[in-house]
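Take a look at the structure below.
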Amino acid sequence: MSRAKNLERLDLEGCKSLVLLGSSIEQMNKLIYLNLRECTSLESLPEVINLKSLKTLILSGCSNLQEIRIISENIESLYLDGSTIERVVERIESLRNIILLNLKNC
């Protein structure tokens, strides 16, 4: 994946064996859409990462993910519905461009 530097959309929906999203994703400078819906084994996102182009992050149904780190300050749509997320590590006000925040059934 580290060679896919021009990738704009990454859809890993339903990837039940994905435990960790590697830090190599930071090299995807053009990534605007990241879908991790129903990645039920996902335990964490990279600690130090800032995807400047990322606008949409979907973590719906990630039942093993209990805290998230803001991996882009430019996120416009953040889907956390049906997840077990208990805490956002960074301050949520760092999401200056947020338009949609879905917390249904958290």
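The values are calculated or read from the model by the stated rules, or taken from the named source; none is laboratory data. As the structure is a computational prediction, the values presented were derived from the model and not from experiment. When we count neighbours, we look across all protein chains shown, and the Cβ atoms used for this are built from the backbone with ideal geometry, even at glycine.
Just a few scattered comments:
- Per-region count, segment 25-45, residues in a loop (DSSP other than H, G, I, E, B), surrounded by fewer than 16 Cβ atoms within 10 Å (Cβ to Cβ) and either within 12 Å of the chain's Cα centre (by Cα) or in contact (Cβ under 8 Å) with a residue 60 or more places away in the chain (or both): 1
- Residue check, residue 105 loosely packed, with under 14 Cβ neighbours inside 10 Å, part of a loop (DSSP other than H, G, I, E, B) and modelled with pLDDT under 90: yes
- When residue 4 is tested against (1) out of contact with any Asp or Glu (no Cβ under 9 Å at 6 or more places or on another chain); (2) surrounded by 15 or more Cβ atoms within 10 Å (Cβ to Cβ); (3) hydrophobic (A, V, I, L, M, F, W, C), exactly one condition is not met: (2).
- Scanning segment 62-81 for residues that are within 21 Å of residue 17 (Cβ to Cβ), modelled with pLDDT of 90 or more and surrounded by fewer than 21 Cβ atoms within 10 Å (Cβ to Cβ) yields 63, 64.
- Residues that are at pLDDT 85 or above and under 14 Å from the mean Cα position of the chain (by Cα), drawn from segment 85-99: 98
- Taking the listed residues 43, 38, 47, 26, the one that is acidic (Asp, Glu) and under 15 Å from residue 78 (Cα atoms) is 38, with no other qualifying.
- Tallying residues that are in contact with a strand residue (DSSP E or B) (Cβ under 8 Å, 6 or more places away or on another chain) and either assigned to a loop (DSSP other than H, G, I, E, B) or over 22 Å from residue 99 (Cα atoms) (or both) within segment 5-24 yields 5.
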